[in-house]
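Please treat every number below as a calculation from the coordinates, not as lab data. These figures come from a predicted structure and were not determined experimentally. Virtual Cβ from ideal backbone geometry, glycine too; neighbours counted across all protein chains shown.
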């Protein structure tokens, strides 16, 4: 039976206050837009200074709040006060030949009356860039997280440092109260023979698993996959970059998958891209092309062999970024074949999103995000269903004294399912919190 989910989410990360994950990168070292396929993700922070050197950085924070639905379920609804402690430890090296950033974020949330659902989440990420020769660069990225799916703060923390589509799992789905382990590793080897052309070979591995569900409701699907491909980009003019990405993906699901539903997806994509620096403050990026998909389905009892189906779909996206000294606005739209985020098998994930950061006078900062997403089931025999989501967020920050920052955020979540197979995914929840974040003096290390 085909299902349909409608989901409303308002959420924001207390640490980073970043835009929702998108598939577009920011800009390279020369100020040119990254082509689609780099898996970089833009933020909506106004200032992003980078300096040469070696340093250790630390931020620590505390927040207190209230939620009316600890378990993120329609029944039983348990309300409670929530307190959280967090830290953000970074190790930075930036040199002429090698640079790297290692970041570790532990997060502990404890409830006033329902201590059985206390959560300890952690995120560890690394990003290494090495200039092998004057024309060849190697980039290695690793992202590991052990988080609780229904925790909006930890989810925001995790999504801020990981790589984005097309070589990472779908993070748009809000899952139940369950432990989620995710690891994504990616390597890029780039050759730039001249100032205009760049050839890149890439490969990645992604893994995600769920365990320790607080309530044995709807089972969640685990994922493992490998990706490989190549990319060519050409700077056709001072403000325009053209590119094309060829990508192969092999994604395998495991868990309680119904008979005749897809359990494996092989994808071959050819995606041309275009980037244009319209003005000093405005960048436009777009991509589009076909995706050739093959699904291996769960066979029925007594059925010989593994049924396979094929499907041709399309992928496309556009992003507009405008930034000045006081404002950052990012508008994106995308469509891409992906996994179903834990609830569904494989989907065509589509979304429209807007993110805005405004620096108000006297140190006040306002962050706003809004998005709509559609996860439509792929596979011709028995896709598990479709998912529709609307997301939005609001946050307000202001320095208290020195490097001590105050923040306020409000979160509202609602998820409903019209099909019986997804009935236990129904819930709605309100969440309000305020807290303090302190940035310690950076410890400069000797070379």
Mean separation of Cα pairs under 8 Å and 6+ residues apart, divided by the residue count of the stretch 184-307: what relative contact order is that in percent?
-> 18
Burial ranking of peptide ranges 272-279, 397-404 (average Cβ count within 10 Å, highest at the top) | 272-279, 397-404
Please report 77, 446, 429 as a ranked list, fewest other C-beta atoms within 10 angstrom at the top and most at the bottom.
-> 446, 77, 429
Tell me, how many Å apart are the Cα centres for the stretch 61-86 and for the stretch 242-269?
-> 35
Tell me, 347, 105 in order of fewest to most beta-carbon neighbours within 10 Å?
-> 105, 347
Quick note on 405, 265, ordering by fewest other C-beta atoms within 10 Å, gives 405, 265
